[in-house]
Amino acid sequence: KFVEDMYQPCTEMLKKAKSIPAVLPLVVAVLCLSDREFFMSKWPGLLSTCLATLKHSKPGLQDIVAECIMRLVWVYAVRFSAESNKQTEARMKLIADAFFPIGMCGHISYCKLVCMWMCACAFCAQA
């Protein structure tokens, strides 16, 4: 009940660009504490928000968003043992495309992204 009560107001605060650096990690933490059913119903939308923010933000915020994505992937792949292989593969491809776009000229350091991507792959391999 606590998670459900906290989640909606926190996601509303994500609509304000100034509050994203502080609120996004909170929303991710709240979602990661939720039960399986709640997490599985909400995480695709939050992942989409994170990926959109990752593409259009400054370097400091991109680091925060990338770490939030990794937390979501960990909970998805390890804590809740993911869904089917095809759905997991599709979600990982979506994340990979956001982390490593064609003609990448991003602001996140390539080394940091590779490290995070390797962690995400390891999470899925453990599941």
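The values are calculated or read from the model by the stated rules, or taken from the named source; none is laboratory data. Computed from a predicted structure; not experimentally measured. So basically every Cβ, Gly included, is an ideal-geometry build from the backbone, and we count neighbours across all protein chains shown. Side chains are part of the model used for accessible areas, which takes the heavy atoms of the whole protein and leaves out ligands, DNA and RNA. Shrake-Rupley method; radii C 1.70, N 1.55, O 1.52, S 1.80 Å.
Which residue out of Ser34, Ser57, Ser81 is surrounded by 12 or more Cβ atoms within 10 Å (Cβ to Cβ) and modelled with pLDDT under 85? It is Ser57.
Yes/no per residue for (1) touching a Phe, Trp or Tyr at 6+ places or on another chain (Cβ under 6 Å); (2) surrounded by 12 or more Cβ atoms within 10 Å (Cβ to Cβ); (3) at pLDDT below 80; (4) over 22 Å from Ser34 (Cβ atoms):
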site	(1), (2), (3), (4)
Thr53	no, yes, no, no
Cys68	no, yes, no, no
Val75	no, yes, no, no
Lys86	no, no, yes, yes
Ile95	no, yes, yes, no
Ala98	no, yes, yes, yes
Ile102	no, no, yes, yes
Val114	no, yes, yes, yes
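Restricting attention to region 13-31 and to residues that are open to solvent by 40 Å² or more (accessible area, probe 1.4 Å) and free of Cβ contacts under 8 Å to residues at least 40 places away in the same chain, the residue that is nearest to Ser48 (Cα to Cα) turns out to be Lys15.
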